[in-house]
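Read-outs: derived from the displayed coordinates by stated rules, not from any lab. Every value quoted in this text rests on a predicted model; they were computed, and no experiment measured them. Glycine gets a Cβ as well: all are built from the backbone with ideal geometry, and neighbour counts include every protein chain shown.
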Amino acid sequence: MTGRAVSLVMAVAMVWFFADAYFFEGKAVVIDAVVLLLALAGVYVLAHEPLTVRRPDAVNAVAAITGAAVGHALTTRAALHPTLAGSLAGVAVSTLPLLGINRATNWMPVFYVGVFAGTGSAVILHGATWVLLAGLLAGLVWSLIPDAWSGVGGKMGFTAFFGAGTAELLSEHLAGNRPGRLPMQVIDLGHDMAVPVAAVAAVVTRRLMRRYALPAVAASALPTAFVAAGLFGFRVPLAAPLAAAWFGGSFVGMTQATRIPTDMGIAATGALLGVVLLRLQSRMVGWGGVLGATACTCVLAGIGLSALARRIRMRQRMPAAG
């Protein structure tokens with residue numbers, strides 16, 4: 001399978017997600033359309049990059065299932081908010097290399113993918129079996145194409161959402177389960193503070209990766225855990241939306257500098273994420289990977305916008321050169 005074919009499949013999944021989560025609703029439909037078109041332009045840019053499809057392995061599968069089990073346990077048994085649960089799991093796995101378990105570095109990302117799939121609400125996926133299947137499916141996709149859309153922040157969450165969505169479809173058609181809906185206040189992102197919070201989180205994550213050489217998982221999870229614990233611990237009003245906006249912004253910040261080189265660009269992409277999150281539809285609340293999938297879409301939109309800007313500048317220079 002070529003890079004173009006993989007990007008085409010991922011683009012279809014992205015359009016399905018974005019249309020269901022944000023599109024064709026309200027007066028801001030133009031903003032949604034522009035973001036989606038720019039994201040597709042970003043996909044077009046990445047589709048021309050070489051890609052090697054690998055064979056799935058048992059280690060990645062086990063890591064993904066374990067991550068899903070941990071995420072599910074933290075959100076159901078420990079009753080933690082998905083943001084706090086996901087970040088704490090990321091912190092825990094990030095400490096393993098410090099304890100001498102160096103191999104953990106190799107499967108840390110796929111574990112995090114599984115965690116995102118597992119933190120989805122039990123109202124969406126009925127029973128631990130389907131949650132573990134979501135983690136397994138997400139882990140298999142990640143292990144097959146770990147280099148697809150390389151350096152794009154939010155790809156882990158996007159993969160988790162793909163696994164969760166596929167597991168839900170199987171649950172619905174094979175077991176007759178229908179996904180429920182959660183009240184919007186569970187993860188209500190309809191607050192303007194989501195915009196600056198996501199922008200700051202993106203920059204903090206980027207700087208932790210570049211200046212202190214933290215792995216992407218640690219750079220995302222560590223600050224998010226502190227922020228979420230503080231917000232929920234002190235019972236700050238709107239703790240849930242602010243924590244979720246920070247977590248989503250951290251996914252944007254995981255983007256490599258080869259994709260979005262400047263802190264200003266990362267901040268702008270984080271702010272775009274905040275704007276988009278304000279329009280999250282209630283039917284998508286509780287799905288694993290929603291924040292990451294949204295971040296991935298916004299990063300792709302930033303890549304697409306940069307590519308279009310470069311092409312416009314090149315065309316403007318051509319008459320002058322002649």
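Of note:
- Amide H within-cut-off set for Leu51, under 5 Å, with H built and near neighbours excluded: Gly3
- Label zone at Arg4, where the point sits 7 Å out along the Cα-to-Cβ direction: the stretch 38-54 residues whose backbone N lies under 19 Å: 40-53
- Residues in the stretch 33-39 carry Karplus couplings, in order, of 5, 5, 4, 5, 5, 5, 5 Hz; the curve used is 6.51 cos²θ - 1.76 cosθ + 1.60 with θ = phi - 60°, and Gly or Pro positions show x.
- P(r) tail fraction, the stretch 17-106 - alpha-carbon pairs more than 18 Å apart, %: 69
- Given charges at beta-carbon only (K, R positive; D, E negative), |dipole| of the chain in Debye: 740
- Using a Förster distance of 25 Å, the FRET efficiency for Met264-Thr52 (Cβ separation, nearest 0.05): 0.15
- Amide H to amide H distances under 5 Å link Leu214 with Met209, where only residues 5 or more positions off or on other chains count and H is placed in the peptide plane.
- The simple spin-label model puts a point 7 Å past each Cα toward its Cβ; for Leu174 and Arg207 those points are separated by 4.7 nm.
- Mean Cα-pair separation over length for the stretch 3-321, i.e. relative contact order, pairs under 8 Å, 6 or more apart, %: 26
- Here the chain has an Rg and Dmax of 18.7, 69 Å, counting Cα atoms alone.
- If R0 is taken as 41 Å, the Cβ-Cβ distance between Leu238 and Arg315 corresponds to a FRET efficiency of 0.35.
- Label separation (Thr76 vs Asn102): 3.8 nm, computed from points 7 Å beyond Cα along the C-beta direction.
- Helix 82-94 vs. the chain, principal-axis angle (Cα, 0 to 90°, nearest 10): 90
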